[in-house]
Amino acid sequence: MSSRGLGIALTILCVVVAPACNRRKPNTIPQPAPPPVEAPPSTTTTPPPAPPRGPERVEDRQPVAGLTEEGIDSRSLDELNRNSPLKPAFFPLNESDLDDAGRSVVTGNVEILKKNAWVVTIEGHCDERGTAEYNLALGERRAAAVKNYMVSLGIAPDRLRTVSYGKEFPFDQGHSEDSWSKNRRAHFVITSK
């Protein structure tokens, strides 16, 4: 090939190839990754988290002699909860409304809270009968009923938390009406001073 033929070939190559080399890729907007596909709802219920305390019995939660208002501020949260001045309120079977006895107990607890700046968690509990879902919902209604009553008596709502444990943490492990009646309750845990 002559130098002229070579020059023409190079010119054609530059005319054809050069524009292709200078072409920019079109601007593309990055697409987000598709969301993960949710698993179908499970037919089993995840149990609620464990309460922030060890196993206990009814007799462990009753006020004991020597727990007077005089030394109450110097006690740790563990001591206060171990020998709590706050009594549990009990409920009839399948009920979430406070009866006269329950209102009386909660009123006494309100008087104690008015003298102290504690933040309290109200735990809703049920007996072992019924499904986990039913008992979690019932425990939630029980805790909410107690909170609402306490607020109506003058306790600030931001001092009260609620949680439902359903039937997961019974006071009494028995399988009789006497045991079940102890497990249908709103339980008070002092969470901060």
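The values are calculated or read from the model by the stated rules, or taken from the named source; none is laboratory data. Keep in mind it's a predicted model, so treat the numbers as computed, not measured. Note that we place each Cβ from the backbone using ideal geometry, even for glycine, and neighbour counts take in every protein chain shown.
In region 88-102, how many residues are out of contact with any strand residue (DSSP E or B) (no Cβ under 8 Å at 6 or more places or on another chain) and outside any loop (DSSP other than H, G, I, E, B)?
1
Determine whether Leu160 is touching a strand residue (DSSP E or B) at 6+ places or on another chain (Cβ under 8 Å), over 22 Å from Trp118 (Cβ atoms) and surrounded by 15 or more Cβ atoms within 10 Å (Cβ to Cβ).
Answer is no for this residue.
Residues in region 108-126: is at least one of a type outside the set (Lys, Arg), part of a helix (DSSP H, G or I) and over 30 Å from Asp73 (Cβ atoms)?
Checked against the condition, which is being of a type outside the set (Lys, Arg), part of a helix (DSSP H, G or I) and over 30 Å from Asp73 (Cβ atoms), region 108-126 yields no hits at all.
Which one is surrounded by the fewest Cβ atoms within 10 Å (Cβ to Cβ), of the residues in region 106-129 that are under 25 Å from the mean Cα position of the chain (by Cα) and of a type in the set (A, V, I, L, M)?
Ala117
Output the number of the condition that Gly108 fails; it satisfies all remaining conditions of (1) touching a residue at least 24 places away in the same chain (Cβ under 8 Å); (2) closer than 13 Å to Phe188 by Cα; (3) out of contact with any Pro (no Cβ under 6 Å at 6 or more places or on another chain).
(1)
So how many residues does region 169-186 have that are part of a loop (DSSP other than H, G, I, E, B), at pLDDT below 95 and not hydrophobic (A, V, I, L, M, F, W, C)?
6
It is to be established whether one or more residues within region 169-180 are crowded, with 18+ Cβ neighbours inside 10 Å and of a type in the set (Asp, Glu).
Checking region 169-180: not a single residue is crowded, with 18+ Cβ neighbours inside 10 Å and of a type in the set (Asp, Glu).
Out of the residues in region 60-78 that are closer than 15 Å to Asn116 by Cα and part of a helix (DSSP H, G or I), which is modelled with the highest pLDDT?
Among residues in region 60-78 that are closer than 15 Å to Asn116 by Cα and part of a helix (DSSP H, G or I), the one modelled with the highest pLDDT is Leu77.
In this structure, is Val189 part of a helix (DSSP H, G or I) and either of a type in the set (Val, Ile, Thr) or at pLDDT below 95 (or both)?
Criteria not met by Val189.
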